[in-house]
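Report on the structure given below.
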Amino acid sequence: MADPRDKALQDYRKKLLEHKEIDGRLKELREQLKELTKQYEKSENDLKALQSVGQIVGEVLKQLTEEKCE
């Protein structure tokens, strides 16, 4: 029969290993989140720029249409 102290030490070591593995996975997930956040922010900025260009093009077309109608 195993000594309770030995069993406690084994359990402790096992939990330490589990903690280390989970900590590593958490670190990887945080890095992925950081990268995805960067990509999202870049997409948002690109979309804003595209909307601005679209608005400018719309204004130019509106002026051209008004000039044609006169």
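Excluding residues on the same chain fewer than 8 positions from K15, give the lysines whose Cα lies under 27 Å from its Cα. Qualifying lysines at Cα under 27 Å: K7, K27.
Once Kirkwood radius over Cα pairs in Å is worked out from the coordinates, which option in [x] 17.7; [y] 12.5; [z] 11.9 does it equal? Correct label, based on the coordinates given: [x].
Remark: the chain carries a charge dipole of roughly 620 debye about the Cα centre, counting +1 on each Lys and Arg Cβ and -1 on each Asp and Glu Cβ. Cross-link partners for K34 among the lysines, with Cα-Cα distance under 25 Å and sequence neighbours closer than 8 places in the same chain left out: K20, K42, K48.
Here, each number is a calculation from the coordinates, and none is a lab measurement. Please read all numbers here as calculations on a predicted model, not as lab measurements. Don't worry about glycine lacking a Cβ; one is built from the backbone with ideal geometry, like all the others, and counts go over all protein chains shown.
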